[in-house]
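Report on the structure given below.
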Amino acid sequence: MKRALKLIGVGIGVLALIIAIALISISASDIPSYEVTKIDFKLSSSPESVARGEKLALMLCANCHMNPKTNKLSGKRMMDAPPEFGEIYSQNITQDKTYGIGNWTDGELVFLLRTGIKRDGQYSPPYMAKMPNLADKDINAIISFLRSDNPLVTADPTPDTPTKPSLLTKLLCRVAFKPFPMPAEEIPLPTTDNTLELGKYLAHNLDCFACHSADFKTNDYLNPELSPGYFGGGNKPLDLQGRVMLTSNLTPDKETGIGNWTKEEFINAVKYGQKKGEKALTYPMMPYPQLTDLEAGAIFEYLQTIPPIKNKVERSVY
Ligand code: HEC
Ligand code: HEC
């Protein structure tokens, strides 16, 4: 009996040792790398694509990459990244050849934005956005803008501070977070006369669904509509002080969602952060003044057609 216990004890000891060695080697190693596919991308730049790209980048990139000291997309410490992910810095994406992306090819940028795999093959965890469903035209617009003479992206020699991912991030990158596939076919941009398609496209690709569904962890980024609690709110992004900011229910439920809102109220909330009779919306719900009323209105019309979810969310007020 004693001998059996002793053997079990030795067994547990060996197991603990194996786990410890595995954790130490994961922590010493880096985030996994993947094969880089060379993308043959022909940039088609025009004043229109640069303007569209600026608008998209202000909504999709600036929040994370804008450095308040340089007023350029030269990167910063991400104060609202969950601390358990480590110390996260967005990188310099100006045209500087040493510190920015001046030496990246357009194809390398497309591959990163679509899949999350950087030019050296390293996977970029979820603290860097990915655009698996953005229309090809909009990807082209964003890259046109990054290559333009817009002062937000002209070369700035601010050195990158490398991100220090935690053991948890490294572990999750081995078991849960995986690159997205490169889209097999062209993704079309909905036309402005197809209101519901346009609204759905924006609600998915401006990441509204990601914050406004139940949980980042259970979101389906390739098929947003399959995300549990799709637009039912209650997700917990952080503000710049690291406090939870519960997201609102945007389904058409009349009591707990926006079923009783008018289109004008919605447009004012989304474009300017205004709420009738209440404190303005706060970070991380950034105003989207770049949207036209037609675009913000299209998001509203689309949201009125999705399944209502009864989920009362109290506003986080600090
Ligand atoms: C949620 C925050 C966030 C958003 C939104 C975001 N990024 Fe990033 N980005 C990051 C972080 C953090 C890194 C560093 C990732 C790492 O260390 O693996 C990064 C890295 C990058 C890199 C790699 C740079 C390098 O030198 O390795 C490029 C290029 C990039 N982002 C472009 C963009 C573009 C273009 C957009 C908008 C379409 C965008 N990012 C939106 C946070 C973000
Ligand atoms: C980074 C996360 C995030 C993203 C992305 C985001 N939101 Fe929000 N949103 C929030 C949070 C958090 C609140 C609550 C803010 C508050 O209480 O001050 C909110 C509130 C709102 C409200 C107010 C609803 C109410 O009942 O008061 C509307 C409308 C809204 N968001 C629409 C949108 C739309 C449309 C998009 C995409 C264009 C979007 N949001 C993208 C986090 C986000």
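Using only Cα atoms and rounding to the nearest 10 degrees, what angle (0 to 90) does helix 293-303 make with the longest principal axis of the chain? Roughly 60 degrees, rounded to the nearest 10.
At 0.36 nm per residue, and after removing the present C-alpha to C-alpha distance, how many nm does the segment from ASN194 to SER29 gain when stretched out fully? The partial results should precede the final answer.
Values: separation 165, 0.36 × 165 = 59.40 nm, distance 4.88 nm.
Going from the current span to full extension adds 54.5 nm.
Rounded to the nearest 10 degrees, the inclination of helix 2-28 to the longest alpha-carbon principal axis of the chain is 40 degrees. Compactness of the range 1-113 was expressed as the Cα radius of gyration divided by 2.2 N^0.38 Å, which yields 1.77.
Convex hull volume of the Cα atoms in the range 47-175, per residue, in Å³? Considering the Cα atoms of the range 47-175, their hull volume per residue is 104 Å³.
Straight-line cross-link partners of LYS271 among the aspartates and glutamates, defined as a Cα under 17 Å from its Cα and at least 8 positions apart when in the same chain: GLU54, ASP207, ASP293, GLU295, GLU301.
Here the ratio of the Cα radius of gyration of the range 58-134 to 2.2 N^0.38 Å is 1.09.
When the dipole is taken about the Cα centre of the chain, and only Lys, Arg (+1) and Asp, Glu (-1) are charged at their Cβ, what size is it in debye, to the nearest 20? Numbers along the way, then the final one.
On the way: 35 positive and 35 negative charges, 301 e Å.
Rounded to the nearest 20 debye, it is 1440 debye.
Checking the table LYS72/LYS276; LYS76/LYS118; LYS97/LYS137; LYS38/LYS217 against a 22 Å threshold on Cα-Cα, which pairs fail? Before the final figure, lay out each step's value.
Details: LYS72/LYS276 34 Å; LYS76/LYS118 19 Å; LYS97/LYS137 26 Å; LYS38/LYS217 30 Å.
The pairs that break the limit, which is 22 Å between Cα atoms, are LYS72/LYS276; LYS97/LYS137; LYS38/LYS217.
Taking the Cβ of GLU265 as the centre, find all other residues whose Cβ is under 12 Å away and add up their charges (Lys, Arg: +1; Asp, Glu: -1). Write down the numbers at each step before the final one.
Details: positive: LYS263, LYS271, LYS275, LYS276; negative: GLU264, GLU278.
Cβ neighbours under 12 Å give a net charge of +2.
Connecting C-alpha atoms closer than 10 Å in a GNM of the chain, tell me which of LYS55, LYS72, LYS217 has the biggest fluctuation. For the chain, modelled as a Gaussian network with Cα springs under 10 Å, the answer is LYS217.
Here each label is just a point 7 Å from Cα along the line to Cβ, and for GLU48 and THR292 those points are 1.2 nm apart.
Using alpha-carbon pairs under 8 Å, 6+ residues apart, how would you state the relative contact order of the chain in percent?
Working: 553 pairs, mean separation 52.6, N = 318.
RCO, the chain: 17 percent.
One chain, two ends: LEU240 and LYS254. Fully extended at 0.36 nm per residue, the span grows by 1.9 nm beyond their Cα-Cα distance. If R0 is 45 Å, the Cβ-Cβ spacing of THR98 and THR305 corresponds to a FRET efficiency of close to 0.35.
Considering all projection directions equally, how large on average is the shadow of the alpha-carbon convex hull of the chain, in square nanometres?
Working: hull surface 82.5 nm².
That works out to 20.6 nm², a quarter of the Cα hull's surface.
Extension gain, THR161-LYS178: 0.36 nm per intervening residue step, less the Cα-Cα distance, totals 3.7 nm.
The value of relative contact order for the range 195-303, using C-alpha pairs under 8 Å at least six residues apart, is 28 percent. Farthest towards the positive end of the charge dipole of the chain, among the residues TYR272, PRO82, ASN103, is the Cα of PRO82, using unit charges on the Cβ of Lys, Arg, Asp and Glu. Once the Cα atoms are used to define both axes, helix 263-272 deviates from the longest principal axis of the chain by about 60 degrees. Taking only the Cα atoms of the range 222-302, the ratio Rg/Rh comes out at 0.96, with Rh defined as the Kirkwood radius.
Values quoted throughout were computed directly from the atomic coordinates according to the rules given, and no laboratory measurement underlies them. Since we're looking at a predicted model, the values are computed, not measured. FYI the Cβ positions are ideal-geometry reconstructions off the backbone, even for glycines, and counts take in every protein chain you see.
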